[in-house]
Every structure is written in C-alpha cells, then in structure tokens.
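Worksheet: the structure to be examined is printed underneath.
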Amino acid sequence: MIKLRNIEKSFKTGAGETFVLRRISGDIEKGEFVTIMGPSGAGKSTLLSIMGMLDGDWRGEYYLHGEPVHAMKPRARIELNKKYIGFVFQQYHLLDDLTVYENLEIPLSYRNVKRKDRQAIVADTLDRFQIVGKKDLYPSQLSGGQQQLVAVARAIIAEPTMILADEPTGSLHSSQGGMIMDLLAELNREGTTIIQVTHNEAYAQYGNRIIQLRDGWIVEEQE
Amino acid sequence: MDRIRQDLRFAVRQIVRRPVFAAVASLSLAIGVGANTAIFSGVSALLLRPVPGVSEPERVVEIGRSRPDGSGFDSFAYPDFVDLRSEVDAFSSVAAYTLEVFSLSRGGKGERITGMMVSPTYFDVMGVRPAHGRFLLAEEDRPGSAPATVVLSHAFWSGPLGADPTVVGSTVRVNRVPVEVVGIAPADFTGHMTGFQPDVYLPLRSAPTVLGRDENVFEQRGSSWHMAVARLAPGAELDDAATQVRSVYARLASAYPDTNSDRSGRVVPLGLVPGAGRGPVAAFLTVLMAMVGLILLVTCANVAGMFVARATAREREIGIRLALGAGRGQLIQQLVIEALLIFFMGGVLGTVLGVQLLGLLPVDRLPVPIPIVLDLSPDVGVLFFSFALTLVTGLVFGPLPALQTTRHDLTTSLKDDGAKRSGTGRLRRFFVAGQVALSLVLLASAGLLLRGLQRASSVETGFDASGAYLTGVNLDMEGYEGESGTLLQRQLVERVAAIPVATSAALSIDLPLDMGSHGTSAYPEGWSDTDGRGGIGVDFNHVSPAFFETLGIPVLQGRVFTDDDVAGTERVVVVSRTMVRSVWPEGSPLGRRLRVGLAGIREEWWTVVGVVEDVKNQMLTDTPGPFVYLPLWQVYRPDTKVVVRAAGEMSAVGPALRRAILEVDPTLSVEPVISLERYTSVGVLPQRLAAAITTGLGALALLLAGLGVYGVVAFSVSQRTREIGVRMALGAGRGRVMRMVLRGGLGLALPGLIVGGVVASGVGFVLRFLLLGLNPLDPVALGGVSLLLLAVVALASVVPGRRAAAVTPIEALRSE
Ligand SMILES: Nc1ncnc2c1ncn2[C@@H]1O[C@H](COP(=O)(O)OP(=O)(O)OP(=O)(O)O)[C@@H](O)[C@H]1O
Ligand SMILES: [Mg+2]
C-alpha cells in the first residue's frame, strides 16, 4: 500500500541544510498496524505528515497504492488525502470557530455526504466517543484530553482506509487512552491501515510492527 | 446549495464571533458606498430621471441658440424661432417658453407665484392632457389680440385654491391683468425642469399685456429672450433635427448678417436640468463622483487588506481544512462568501446612510431668488446602482484575499501562526497611510476654506449688513407705472421708515454681494482713457436718498441724494471712490459731468454731487470697479428691493416690514422678508459650497482613516496577545504595553501624515481664489487639522491598546 524509497527532508538553516529525515525506505501493507517511536525531534511527525500528504517539500519516492505521489501536483495530492486518509494531529488542530458537532461534520461535507447521512454519522460517532453532551461546545471550552478525543473522532469519521495518528493518546487518562487504542485496533481488524506515533510502550504493542526513528534515520524495525 | 448554506452559516458565525472586525469592515464600506449613493442620487435626480408626466419623454428635445462652433446654449429671438418652427420638419411640434415670477391677486390680496409663458403648442410637445377644462388654443398665439387666459398647475389649484372646480371659467388677476382660468394641468406634470415648478402657464403672446413688454419683441431678431422645446416627428431622430436646425441658422446668418452672423443652434434631449445648465451640472457631479469613487476605492482596498490580514491569521484554520479534505475551490468559495456577506452588510448600511445624508441637504434653504424644488428621494435606479456597486466591489475585492491565502503549503501554515510573514501586511499599511494622506488633504482644504469664511466677516465690504432687513416689490406686476409708481415708492419708503424700531429705509434696484450687477458705460465730460476711448465700463444702481445711510456706506465727499432730487430738477449722481480714482485722479470730482449709456436717458448730462466708499458688489472676492449711483426719484425703476435698518430681531421686523408695505397698498405682492446678512451671504456661496463639500468628504475620510488605523492596530494587538502575555509574565507594566501599541499606531500613520502634509501645503495655493486673502499656509488651519488627525489616530490606537494592557498573562497564553 505504502512504498517509501529514500525519502529525505531537510530545512535550510543559516549555515546550510539540517536534515530531519535521511534515506527513509520501507513498505507498509494494507491492513497493517504500524507504530513509529523515537525521541523528541527524531522526525516522527515530519514523516507522518509526508505520508499524509500534508507536506510536499521533500525528496525521494513515495508510492501510494502504486501511484507515484512524488510526481504529483499539490491538487492531486489533496485529492489522494481526501480519498484515503484520516489524520490525528499532535496538536489536535480543532477549528476554534466550530462546535464539536461541526468539527466532526466538516470532513463529511468536504466529501459531499448528504445532510441526512451526515447527521446520522455524526450522531453515531458522538455516541461512540461518549461526547454527546459536548456537541455544542467550542474547542476552547474543552479540556485538552477532550479535544484530543474529538480530534480522533474527526479523523475516523469519514471512514478513511488509512489513519495516521500523531500521539493520539498523549493527553488522555489511561482508561480513555486504552479506549482509543481499542478503537484503533477494532478499525484495524475491519481492514483500516493504522500508522501511529507514540511514546507509550504499552500502546506500541497494539501494532504488529514498530519502527524506531533516531535523528531522521530508521535505526530498528521489530515485528 | 447545501454547502453554500453551510458556508453562509459559518460566515455569520465568523461575524458574530469577531464582531469588531465585521463592524469595522462593513462600516468602512458603508461610508464608501454611502457617499457614492448620495452623490449618485444627485446624478439620478438631476441627469438621469425622465421628466415626470411627459409622454414619451425620449422624443422631446430642448433647442438652444449656440455660437457657430456649437458652444453655448442660449435664448432665442422670436423670429428665429418662427423660422425654425416652419422649416424644421424633424419636429412635429415646437414651443417657446419663458420662466417668470408673477403677482396673483385674489380677494384683495396679492401673492408671488411662479409661472411660465408658453406657446400653446407647449402642452402638445409635452404630450399632456388637461385634468380639467382645456389647455391653450392656437388662436391664443396670434399677435396683438391674445385673449387673456391662464392654465393652472394641479398643485396650485388643489393647494392654495382648495381644488375648487368652479375655478375653471373664473377670472383671476395676474400682474393686475384679468385673465380667465381655462384649465388645470394634470397632477403628475410639474413643468419640464428640476427645481422650477410653475404655478401657472400663460400664453407667450400675453407678454405685452401681462409683463408690459414691447409688442416688438416678437418681430426683432436683435433681442433674444425665450427658450424652446420640441417633439421629434415620427421617424425623425435627434441628429436629423440638429442638422436641420443648423442649416436653418446657416440660411438666417446670410439673410440677416447684422443680427445672425454669429448664431447657430443646438438640440439636446429633454432633461430635468435645462440644456444651458446641464454641462456645468454634469461637470460638477462628475468631479464629485470621481472624488467619492476614489474614497470607495481606497476603502475597498483597505477592507480587502483587512481580509488578507485576517486570512493570514487564519492560515492554521485553512491548513486544517485542507488536511481534512477541502478542495481549494471549496475554501475559496467559503472565504468569498464570508467577504461578500460583509460587503453586502456594508452596502445595505451604506445605502441607508447615503439616503439619510441626502435628507440633511438644505436644498430648499439656498439663498436663490426662485424657490427650488428638488426631489432627491432614492429611486430604483439609485438602489440598483448601490447594489451593483456593492456586488462589483465585493466580487473584485472579495476573492483577492482568498486567492492570496489558499496558495500556501500545508505544513508551514499548520506550524506557525502566520502573523509576521507576508508582504500583504506592507500593502495594507500602504493603504492605511493612503487614507491618512487623503483625509489630511481634504481636511486641510476644508480647514482653509472655513478659516477663509471666518475672515469673510472681517473682509472690508464697504457696507454694514447687520441689522438690516429686506424684501422686494415689483410695481410692473402691480399695475403702476411712471409717476404713479414713483409716488407709491415714496409712500413706501416713508411708511417703512416710520416703523417704530426702524432707523432708516431705502429702495434700490441692486444690492451688494448678491452675485448680480447692472453694468453700462459712462462718458465723463472731456475725458478719455489711454486708448482714446471716451467711455468707461461701470456698474450702476438706482437708489432712494436714504440708501447710503441704510446700508451704512460711508460718504467721503459732497452729499448724497435728497427728496428734492426729483424729475425736473438738476440731474445728479453719486460715484464711488474707485470711479474718482480712475476718471478724476486730480482735483475735485464734485461738479463734474458725465453721461450714462442707459436706454432713454443716453443723452442727458449728470452732475457729480458726492463720492462714497467702494462696495463689493457681486462677490466677496471682487476688486471694486467704478460705480455710479443714480437717484431713483429722477428715473423711475419699477422692480426694487425695500431695505430697512432696524433695531430688532427678524421675528419682529419681518412682519412689521410686510405690514407697513401692505398698509400703503394691500394688494401688493411682497417677497418674503430676509435679513441682509443672509441675502448677501450668496456672495460667498462658492466658498460655502466648497467648504461644505470638503468638510463633508473630509469628515468621511477622517472616519475611514481612523477605522483603517484602528483595524490594523487592533489586528496586530490580537495577533500579539500571546507575545504581550509573555512580556507581561516577564514583568512588562501596562503603561509599557500601552506605549508600545500607541507607537505602532502613530508609526503607521506617519508616512501618510508626511505625504498628506506635503500635498496639503500645496492645496492652499490651488484654492487661493476662494480663500478671501487667507494665507494659503495658514498655520491655524493646517496645524489644526493635523492635530485633529493625530488625535483620531491616537484614539484609534488607544482603544486596542487598552485592551492589550488589560490582558492577563494566563488568558493570553491560553488563547493559543
Ligand atoms: N520549520 C522547521 N524548520 C526547521 N526545523 C524544523 C522545522 N520543523 C521541524 N523541524 C525540525 O525537525 C525535527 C523533527 O521534528 P518533528 O516534529 O518531526 O519531531 P518529532 O519526532 O515529532 O518530535 P516530538 O516527539 O517532540 O513530537 C526537529 O529537530 C525540528 O527541530
Ligand atoms: Mg511530533
């Protein structure tokens, strides 16, 4: 499903170039549950946003379902993102001016889901995440953990074939964290490909494979 | 559709959650649109609206006499008109007309009314039918034996006459001549000119009986005195008519070279502003439209800048939306809808504002002789104009920021808060500086003009306008002539001077500073100028003896007129100081003789008996020229002003003056009484008009500049809330934060102040001819408006500054 060949990412700095990712190569098959780990600043978020097509400025080859992402124009990448990907940001990134309900509704309406259906799906999701009571609140009225829950709910709501989650449990109580992980595992069983970043050893075990990043290099892969 | 509704809902949400942004943006737009709506209402009312009540108004034209090069739009000589009428077959009917003021007597009382004298064909040209009775008949156009008839306007019939149906067939007296009311014009027809709504229509041929005109005016090609309108014949176009008119004039020029060599004709479509005035009115309105257009453009640019700035601040949101699957088109649609909504709010608000502004316009209080009726109420055209203006500006300026801000890459926009980057901030600062400069220039003009007007009261006019009141009596309308007229005038002055509070009273045919003058040539005995000509151009006035005392004009030498200077005694004149300086610089002018080139008294010699101070006769900016005063008791003139100097208020003197005149003859029709100060204020009308316009536009520009500065400062404060919070957490006091914001605001305005200041210091030199001698660099005016502008800029920065200073660190840090 995902095929990466020599992905490199660098930033121009005063003196020269600082590399954030070095010669990243690897394959992720459909239905896998992959965990990316590594110390802060290792490049995990960067790699995830490249795979999520949120970042277009990198070198190397990236095939998604056999299609060469590296050769695509930004518009085509956005289309791919829309078609396959649900993304959970490390900083949640909820839309401040929209209520919880509307934040959940947004991905559906961007995908031209009819109003009736949208209502049903959003209601289901609110239920599933036990946040029905919060649906009319704005993000600023939620705690950090609650915001994270909404962010996860928003990522899965359009039933993407692939979920990219950047520390989806970072701010959560362990019971809620466990609930999120159970949910991801369930989605995975139903066929959704999951790629997560986490610092939590226990949650890392939900995946079938762990990739260790350090200073932009893949240092280890364990099944 | 579904998504548009959703976008609309979010757009409304944005407005509700950021009311200040929406208010500043839509208020700015409202001011821009409002100013345009107001001016365009004027354009529509004066130039675009069809003349009401006229059938097929597009087939009606006005004809005017021009010079052969096509310039000018003047009155006709009647024989020329008759030739045009018979020879131009592109016209199906042609009518001559004049505008008049009449005296109408009913039940022993007289009143002033407005009216037209028209060819009977006038109503055919206009295509109107009588509401009652009939219009004028063809035989009423025959020379000499014109039966005395009159058609009343519907408003006059239904108002003062109480819609009495028996009025038709009854007899009224117009200028003392009994005339029969034959019909009533329809209610929707009020004449064919803006501002002039006649009460009555009389046949042109009754001019000799009603106005006392010489019957010869219908035969002389030398005297031009009436205007003309025509209806195009079926199938004929305006150009055909114009060509035919020119060719008739070309024939007349060779047939009557004495009178017609310099004449041709012009044909223009019928409009509410008469053909002669349309050019200047259109030019004036064009200048105004250009000015308010410029204001709107700057406003739109600034509002677009506000949108860009806000969209920059929203880059994170835009990035998230893109990450959630929004297409660029969808995003642009949303941003455009948000912008359009604000533009729309501004447009509606502006239209209301513009219409309200117009309501404040004192059209009916202008000091002009004929009552002006101007319908400035908004019509469909105006509403459409405002709507189109809003839509176009919204569609042009709305998408710009959207296109600009959806171009960025995703991760960068998700990462930083996008505040400091982007050249759009610089563009926006540029626009705000432009607004500041524009308002400084307009305010400086207004300040200089107002200061100039202030000086008006101290400009030496040569007379004293305060404490004097006046009205007018025209004995031509009242059936007096010659000796009986002089007798009545003497009784009038005597009676008016006897009003208890009055100190003196006088009659004269002209008054100072009223934009008008009477000119002729004087021929001093034994004198010639350096070119050997024996005549000198002078202004003149016919006055009763107490005129100089009543107007407070100082007597410099000799004496003024007395009640013994009457017909049959030695003919005497009083001259002005400048007259003496130009003609008799050496020796005493007293006892010198001159002739005056006036019809009827051309051959008489007049002896100078006195010299008086120079008086500004037309406008405050006049340089006085030679002036000759003739005694009214020696030469009868029927149309005079009655001036009284009195110790009292208008409310007391006005009615007393009227009563005194009516005591002499209760049937006289008397003009409304006004104070001499108000009457002569027409002499500074150009200054007042210019001051009013620049003040109005200057105030708008100032408000916009204030809003612009406020918008930028408030925005940067909101962007820096976090930074401010951190600074305060690190120990910055509120005063320091306040000063930081204030410095930002003033720094923003500074380039505009400098550029505006440079331009403004030149403006005075351009306006010099209106400044009544004020220094074009008048420090009070220029300094004053600069300070005003600075104060507004400071205020616009203080408001967001206070908000910034009130932030507590914890709030600020949480707002991320
Ligand atoms: N805009 C940027 N300019 C320069 N360097 C950047 C930029 N964005 C990220 N980096 C660098 O890239 C490196 C990787 O960042 P990334 O966010 O991928 O780390 P991470 O592994 O997700 O860390 P964390 O566990 O703390 O989230 C860091 O060293 C960071 O300094
Ligand atoms: Mg990270």
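For segment A:38-45, state whether one or more residues are crowded, with 22+ Cβ neighbours inside 10 Å and facing chain B (nearest Cβ under 8 Å).
No - not one qualifying residue is present in segment A:38-45.
On the given criteria, is B:Gly354 within 13 Å of another protein chain (Cβ to nearest Cβ) and under 28 Å from B:Val16 (Cα atoms)?
no
Against the definition (closer than 24 Å to B:Gln489 by Cα, touching a Ser or Thr at 6+ places or on another chain (Cβ under 9 Å) and buried (at least 21 other Cβ atoms within 10 Å of the Cβ)), how does B:Val538 come out, yes or no?
Spelling it out, it is not the case that B:Val538 is closer than 24 Å to B:Gln489 by Cα, touching a Ser or Thr at 6+ places or on another chain (Cβ under 9 Å) and buried (at least 21 other Cβ atoms within 10 Å of the Cβ).
B:Leu99 is checked against (1) part of a helix (DSSP H, G or I); (2) closer than 25 Å to B:Arg278 by Cα and fails just one. What number does that condition carry?
Only one criterion is unmet by B:Leu99, namely (1).
Out of all the residues in segment A:1-17, which are within 16 Å of ligand 2 (Cβ to nearest atom) and either surrounded by 12 or more Cβ atoms within 10 Å (Cβ to Cβ) or more than 14 Å from chain B (Cβ to nearest Cβ) (or both)?
A:Lys9
Please go through (1) touching a residue at least 40 places away in the same chain (Cβ under 8 Å); (2) in contact with a strand residue (DSSP E or B) (Cβ under 7 Å, 6 or more places away or on another chain); (3) under 16 Å from B:Pro626 (Cα atoms) for B:Ala497 and return the number of the only condition it doesn't satisfy.
Among (1) touching a residue at least 40 places away in the same chain (Cβ under 8 Å); (2) in contact with a strand residue (DSSP E or B) (Cβ under 7 Å, 6 or more places away or on another chain); (3) under 16 Å from B:Pro626 (Cα atoms), the lone unmet condition for B:Ala497 is (3).
Determine which single condition A:Leu94 fails, assuming it passes every other condition in (1) within 16 Å of ligand 2 (Cβ to nearest atom); (2) touching a residue at least 40 places away in the same chain (Cβ under 8 Å); (3) farther than 25 Å from A:Met1 by Cα.
Of (1) within 16 Å of ligand 2 (Cβ to nearest atom); (2) touching a residue at least 40 places away in the same chain (Cβ under 8 Å); (3) farther than 25 Å from A:Met1 by Cα, only one is false for A:Leu94: (1).
Of the conditions (1) of a type in the set (A, V, I, L, M, F, W, C); (2) modelled with pLDDT of 90 or more; (3) away from ligand 2 (no atom under 13 Å from the Cβ); (4) touching a helix residue (DSSP H, G or I) at 6+ places or on another chain (Cβ under 9 Å), A:Val34 clears all except one; give me its number.
The single condition A:Val34 does not satisfy is (4).
Would a scan of segment A:83-91 turn up a residue that is within 16 Å of ligand 2 (Cβ to nearest atom), touching a residue at least 40 places away in the same chain (Cβ under 8 Å) and surrounded by fewer than 21 Cβ atoms within 10 Å (Cβ to Cβ)?
Yes, because at least one residue in segment A:83-91 is within 16 Å of ligand 2 (Cβ to nearest atom), touching a residue at least 40 places away in the same chain (Cβ under 8 Å) and surrounded by fewer than 21 Cβ atoms within 10 Å (Cβ to Cβ).
Evaluate the following for A:Lys73: is it closer than 24 Å to B:Gln330 by Cα, more than 10 Å from chain B (Cβ to nearest Cβ) and without any contact (Cβ under 8 Å) to a residue 60 or more places away in the chain?
When the stated conditions are applied, A:Lys73 passes them.
Looking for something polar (S, T, N, Q) and within 23 Å of B:Asp240 (Cα to Cα) - is there at least one such residue anywhere in segment B:79-87?
Checked against the condition, which is being polar (S, T, N, Q) and within 23 Å of B:Asp240 (Cα to Cα), segment B:79-87 yields at least one hit.
From A:Leu64, A:Leu94, which residue is modelled with pLDDT of 85 or more, away from ligand 1 (no atom under 16 Å from the Cβ) and of a type outside the set (Gly, Ala, Ser)?
Answer to the selection: A:Leu64.
Out of (1) in contact with a Gly (Cβ under 9 Å, 6 or more places away or on another chain); (2) part of a helix (DSSP H, G or I), what's the single condition that is false for B:Asp83?
Only one criterion in (1) in contact with a Gly (Cβ under 9 Å, 6 or more places away or on another chain); (2) part of a helix (DSSP H, G or I) is unmet by B:Asp83, namely (1).
For segment A:189-219, give me each residue that is hydrophobic (A, V, I, L, M, F, W, C) and either away from ligand 1 (no atom under 16 Å from the Cβ) or in contact with a Gly (Cβ under 6 Å, 6 or more places away or on another chain) (or both).
Of everything in segment A:189-219, those that are hydrophobic (A, V, I, L, M, F, W, C) and either away from ligand 1 (no atom under 16 Å from the Cβ) or in contact with a Gly (Cβ under 6 Å, 6 or more places away or on another chain) (or both) turn out to be A:Ile194, A:Ala202, A:Leu213.
Name the residues in segment B:257-287 that are surrounded by 17 or more Cβ atoms within 10 Å (Cβ to Cβ) and over 25 Å from B:Gln197 (Cβ atoms), would you?
Within segment B:257-287, B:Thr259, B:Asn260, B:Arg263, B:Ser264, B:Gly265, B:Arg266 qualify.
Conditions first: (1) within 16 Å of ligand 2 (Cβ to nearest atom); (2) in contact with a Ser or Thr (Cβ under 7 Å, 6 or more places away or on another chain); (3) of a type in the set (S, T, N, Q). A:Thr46 passes all but one, so which condition is the exception?
If we test A:Thr46 against (1) within 16 Å of ligand 2 (Cβ to nearest atom); (2) in contact with a Ser or Thr (Cβ under 7 Å, 6 or more places away or on another chain); (3) of a type in the set (S, T, N, Q), just (2) comes out false.
Please go through (1) touching an Asp or Glu at 6+ places or on another chain (Cβ under 6 Å); (2) touching a residue at least 24 places away in the same chain (Cβ under 8 Å) for B:Pro208 and return the number of the only condition it doesn't satisfy.
Among (1) touching an Asp or Glu at 6+ places or on another chain (Cβ under 6 Å); (2) touching a residue at least 24 places away in the same chain (Cβ under 8 Å), the lone unmet condition for B:Pro208 is (2).
Identify all residues within segment B:147-188 that are among the hydroxyl-bearing types (Ser, Thr, Tyr), assigned to a loop (DSSP other than H, G, I, E, B) and within 31 Å of the chain's Cα centre (by Cα); write none if there are none.
B:Ser153
What are the residue pairs meeting all of these: first residue in segment B:767-785, first residue in contact (Cβ under 8 Å) with a residue 60 or more places away in the chain, second residue buried (at least 21 other Cβ atoms within 10 Å of the Cβ) and part of a loop (DSSP other than H, G, I, E, B), Cβ atoms under 7 Å, and 6 or more apart or on different chains?
B:Leu772/B:Leu620
Could you tell me which residue of segment A:19-29 is surrounded by the most Cβ atoms within 10 Å (Cβ to Cβ), considering only residues that are of a type outside the set (Lys, Arg) and more than 16 Å from ligand 2 (Cβ to nearest atom)?
A:Ile28
Listed residues A:Leu164, A:Leu94; which is within 13 Å of chain B (Cβ to nearest Cβ), touching a helix residue (DSSP H, G or I) at 6+ places or on another chain (Cβ under 9 Å) and assigned to a strand (DSSP E or B)?
Checking each option against the conditions leaves just A:Leu164.
Looking at this structure, is A:Leu48 surrounded by 15 or more Cβ atoms within 10 Å (Cβ to Cβ), more than 8 Å from chain B (Cβ to nearest Cβ), within 16 Å of ligand 1 (Cβ to nearest atom) and modelled with pLDDT of 85 or more?
Against the criterion (surrounded by 15 or more Cβ atoms within 10 Å (Cβ to Cβ), more than 8 Å from chain B (Cβ to nearest Cβ), within 16 Å of ligand 1 (Cβ to nearest atom) and modelled with pLDDT of 85 or more), A:Leu48 qualifies.
Taking the conditions exactly as written (under 19 Å from A:Glu167 (Cβ atoms), at pLDDT below 90 and more than 16 Å from ligand 1 (Cβ to nearest atom)), does A:Leu54 satisfy them or not?
It is false that A:Leu54 is under 19 Å from A:Glu167 (Cβ atoms), at pLDDT below 90 and more than 16 Å from ligand 1 (Cβ to nearest atom).
In segment B:472-530, how many are within 36 Å of the chain's Cα centre (by Cα) and part of a helix (DSSP H, G or I)?
Of the residues in that region, 7 qualify.
Between residues in segment A:34-45 that are among the polar types (S, T, N, Q) and residues that are part of a loop (DSSP other than H, G, I, E, B) and near ligand 1 (Cβ under 6 Å from one of its atoms), which pairs lie under 8 Å by C-beta distance while being six or more apart or on different chains?
Every condition considered, the pairs that remain are A:Ser45/A:Gln90.
For segment A:51-60, name all the residues that are more than 11 Å from chain B (Cβ to nearest Cβ) and either buried (at least 23 other Cβ atoms within 10 Å of the Cβ) or part of a helix (DSSP H, G or I) (or both).
Within segment A:51-60, A:Met51 is the sole residue that qualifies.
When only residues in segment A:7-37 that are closer than 18 Å to A:Asn208 by Cβ and not in a strand (DSSP E or B) count, which is nearest to ligand 1 (Cβ to nearest atom)?
Here the residue is A:Glu32.
The values are calculated or read from the model by the stated rules, or taken from the named source; none is laboratory data. Worth saying up front: this structure is predicted, and the values here are computed from it rather than measured. Don't worry about glycine lacking a Cβ; one is built from the backbone with ideal geometry, like all the others, and counts go over all protein chains shown.
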